[in-house]
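**Student:** Before we start, here is the structure in question, set down as structure tokens.
The values are calculated or read from the model by the stated rules, or taken from the named source; none is laboratory data. All figures in this text were calculated on a predicted structure; none of them were measured in a lab. Here the Cβ positions follow ideal geometry from the backbone for every residue, glycine too, while neighbour counts run over all protein chains shown. All accessible areas refer to the heavy atoms of the entire protein, side chains included, with ligands and DNA or RNA removed. Shrake-Rupley method; radii C 1.70, N 1.55, O 1.52, S 1.80 Å.
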Amino acid sequence: MNKSRLALFLIVAILLLASARSVSLAADDTSEFVDSQAFLQSHMAPAGPSAAKFAPAVEKLLARMTLKEKIGQMTQLDISMVTDSADQDIRIAPDKLHKAVVEYGVGSILNAHDQSLPPERWHEIIGAIQSEAKKARLQIPVLYGIDSIHGTTYVTGGTLFPQPLGMAATWNPEIMLRSSQISAAETRKSAIPWTFSPILDAGRQPLWPRLYETFGEDTYLASVMGVAAVRGYEGEDISSPVHVAASLKHYVGYSYPTTGGDRSPALIPESTLREYFLPTFAAAVKAGAHTVMVNSSEVNGIPGNANRFLLTDVLRGELGFQGIVVSDWQDIENLVSKHHVAADEKEATRIAILAGVGMSMVPKDYRFSDLLLQLVQEGRVPVSRINEAVRRILTLKYEMGLFAEPLRGRDAPTDVGSAESRQVSLEAAQESVTLLKNEKGALPLSKTAHVLVTGPDADSLIPLDNGWSYTWQGDNASLHPKDYPTILQAIQQKIGADNVTYVPGATVDKELDSDGAAAAAARADAVVLCLGEWAYAETPGNIGDLTLPDAQIHLAQKVLEAGKPVILVLTEGRPRIIRPIVDGAGAILMAYNPGNAGGQAIADILFGDVNPSGKLPITYPRWPNMLFTYDHKAFFGDSGATAPLYAPQFEFGYGLSYTTFAYSDLQVTQTGAAGKRKIEVAVTVKNTGARAGKEVVELYFNEKFASITPPLKRLKRFAKLSLEPGESRRCTFELVPEDLSFINAENKRVVEPGVFDVRVGGLEQSFEWK
């Protein structure tokens, strides 16, 4: 990448996110809703104490620190380095703890595997850590962090929400905000003040096993939901006993590996990086996020932890980020063992620190501290770089209130797993589930019907939650709560156990009794077929083919032969290919990983107690080798082909309802004088069905010609509204010139004259921008 290129594009991108006004949804009562852009506006400027308030205390402390104490602050160790035993029997080892916190002055500790403990046990463990820190010369508190990806991970009884991909399917930033607030409060209740979340790299590679941790493939949708997550976590003041610091992951390009495998190389042109991947981080930095975690892999041959251009020139210089930059697991050592850009770990440490890494997730030895100390003593890393990193770490600890109260949050009145939190989780799951097909009145099901429930995901919470659920892989059934129903149990509760037959039929990859399932289907009125994936996180989730395993496809085909209505329920973290069974299914529900409340949410939708309103945040592919995003560019090759190249199973933004909506009277007008012009887009939306429902109004642009090939369409605004039968509203969106911008061949964000098409709800109108 050319480091001399101008940085103006991100300034414009941030203005784009902050400049437009709210949408007005005029009805008979002239009520107003808030659209996506208004949500961004209202959450872009956090209040609370400024870091400058703590500068005198930070500088005073920094001046007293030895070089070894400073480097200790830059060191993050795994909990196993200060404990004996493991998993739920974990206990502090005093000698290990003394070595880490007193001798080395370690600044941060995390746990990332199999510890799921009640808040009281976390109080004991973290209390011991902070008490030991009080014995050190300068008594600097330790910063503890965990991966609360979709709720309160690693805390027994914590509330889990849909995974981020499912949250994006709600298209509702307000419910994202609320879920993150609950996650923050429950995490801080355990005296843990830092969460390694959200993932803001756009999920544009369906094979990637961390797709479910993203907010989908679209940059704008991911920006809105990402800002909601950050503001929910951090609130107005991260010293609050109910808020935590967020960490933006994984900066940047991690989610777009060429092969689809976790921690594998990405080839991303700078213009693409700036157009599709950096704006989400720019928005979250603008929203006040305090920490960033680095891409473990590489972009264009340069590992994330060695990329000074991205970590310093762009993140600091262009985005204006002021907080902590932390590596991911063992990533400095990986510069030697995996990336081969350094001959030894000492050189790798020098490269990473000078590139911009401020804290190393080591995580299981003291080599980083020892080697960095040597590098500074040898003059190969300047003391000024150490001071810069430590100043940011100390500032964050002061901002969090850790110096005043190291266990802040422990005594907060937060009720972990409260009824209110569970209700929000249920509502989020209900809004996320996406109805992809519904033919011949297959849904909703009658509550008097006899239903066969079958499939590997029918009777377990594990596929509802997926990874990062109480433990890293999320596959320990004993740690999942016993008072949430599985899909099977929720259906039994809904219509009575006597009206339900259950035959497992298959595991996720092995046939069990497909003939028995087919025989039971013949005796049933309808079949709920629960297919998808089991739990996985990171590299263990790598696969080479998106096609659903043969055992599940065969089970589906056998059940379909019975000739009864089959409702396919998919619980999966990425879109598995279901082409062979789509036509036979009467209805298809995409449930993503809806969390513990997912079983009830799915049953509520199956039997019509809730009207589905989710919309796909990804393009659902039809073929394993045709993985397009919705905002792809024009291409040759369709004519004469046996099948169109762009023929997804289901489009981005698609989702059905039990009611119908009609769009009319689309109007696009330009207002304002030259230099201050705005575009007003107005459309009327009416509920033309017989029941109340929620509709996502999606506004797309495309430019008919530009200096580089434009995408066929891009999402620019959305709003979710509820309409009663027969009710209509006039929705008016206001946009600004920056909404027409793109990254040009010189990697600058520009607005060019041209003709633009506006598309909303199947309607289209063009305007010319001069």
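**Student:** Pop out the ³J(HN,Hα) list for region 602-611 in order, Karplus 6.51 cos²θ - 1.76 cosθ + 1.60 with θ = phi - 60°, rounded to Hz; leave Gly and Pro as x.
**Tutor:** 5, 5, 4, 7, 4, 9, x, 6, 10, 8
**Student:** Quick one: putting +1 on the C-beta of Lys and Arg, -1 on the C-beta of Asp and Glu, what dipole do you get for region 236-324 around its Cα centre, in Debye to the nearest 20?
**Tutor:** Working: 6 positive and 8 negative charges, 22 e Å.
Around 100 debye, computed over region 236-324.
**Student:** Please give the contour-minus-distance gain from Gln139 to Asp498: 0.36 nm per residue of separation, less the Cα-Cα distance, rounded to one decimal in nm.
**Tutor:** Contour length minus the Cα-Cα distance gives 122.9 nm.
**Student:** Which entry in [x] 1.12; [y] 1.09; [z] 0.97 is this structure's computed Rg/Rh (Cα atoms, Kirkwood Rh)?
**Tutor:** Calculated Rg/Rh (Cα atoms, Kirkwood Rh): the matching label is [z].
**Student:** Mind ranking 392-399, 381-388, 57-64 by how tightly packed they are, going by the mean number of other C-beta atoms within 10 angstrom, highest first? Each step should come with its number before you reach the end.
**Tutor:** Working: 392-399: 22.9, 381-388: 15.0, 57-64: 13.4.
Top to bottom by mean Cβ count within 10 Å: 392-399, 381-388, 57-64.
**Student:** Of the listed peptides 238-246, 446-454, 163-171, what is their order by residue-averaged count of other C-beta atoms within 10 Å, with the highest listed first?
**Tutor:** Per-residue mean Cβ counts within 10 Å order the peptides as 163-171, 238-246, 446-454.
**Student:** Shifting gears a bit: Restricting to DSSP H runs of at least four residues, report the calculated mean residue ellipticity at 222 nm for the chain, -39500 (n - 2.57) per run over all residues, nearest 500 deg cm²/dmol.
**Tutor:** -8000 deg cm²/dmol
**Student:** With axes computed from alpha carbons, what is the tilt in degrees of helix 173-189 against the longest principal axis of the chain, rounded to the nearest 10 within 0 to 90?
**Tutor:** Between helix and principal axis, roughly 40 degrees.
**Student:** Roughly what % of DSSP beta bridges within the chain run antiparallel, to the nearest 5? Could the numbers behind the result be given before it?
**Tutor:** On the way: 57 of 97 bridges.
Taking every DSSP beta bridge with both residues in the chain, the antiparallel ones total about 60 percent.
**Student:** Using the per-residue mean of other Cβ atoms lying within 10 Å as a proxy for protection, in what order, highest first, do the peptides 616-629, 751-764 fall?
**Tutor:** By packing density, highest mean first, the sequence is 616-629, 751-764.
**Student:** Would you work out the charge dipole size for the chain about its Cα centre, treating the Cβ of every Lys and Arg as +1 and the Cβ of every Asp and Glu as -1, and quote it to the nearest 20 debye?
**Tutor:** 1900 debye
**Student:** Let me ask something else about it. How far, in degrees from 0 to 90, does helix 419-432 lean away from the longest principal axis of the Cα atoms of the chain, to the nearest 10?
**Tutor:** Helix 419-432 and the main axis of the chain meet at about 60 degrees.
**Student:** How much accessible area per residue does the chain have, counting only protein heavy atoms and a probe of 1.4 Å, in square angstrom?
**Tutor:** 34 Å²
**Student:** What nm distance separates the two modelled labels at Asp550 and Leu763, each placed 7 Å from Cα along Cα→Cβ?
**Tutor:** 5.2 nm
**Student:** For region 437-488 and region 67-82, compute the distance between their C-alpha centroids and round to whole Å.
**Tutor:** Each part reduced to its Cα centre gives a spacing of 42 Å.
**Student:** Compute the long axis of helix 55-64 from its Cα atoms, compare it with the longest principal axis of the Cα atoms of the chain, and write down the angle in degrees, 0 to 90, nearest 10.
**Tutor:** Its long axis makes an angle of about 50 degrees.
**Student:** Let me ask something else. Give the separation of the Cα centroids, region 711-739 to region 85-136, in Å.
**Tutor:** Region 711-739 and region 85-136 have Cα centres separated by 49 Å.
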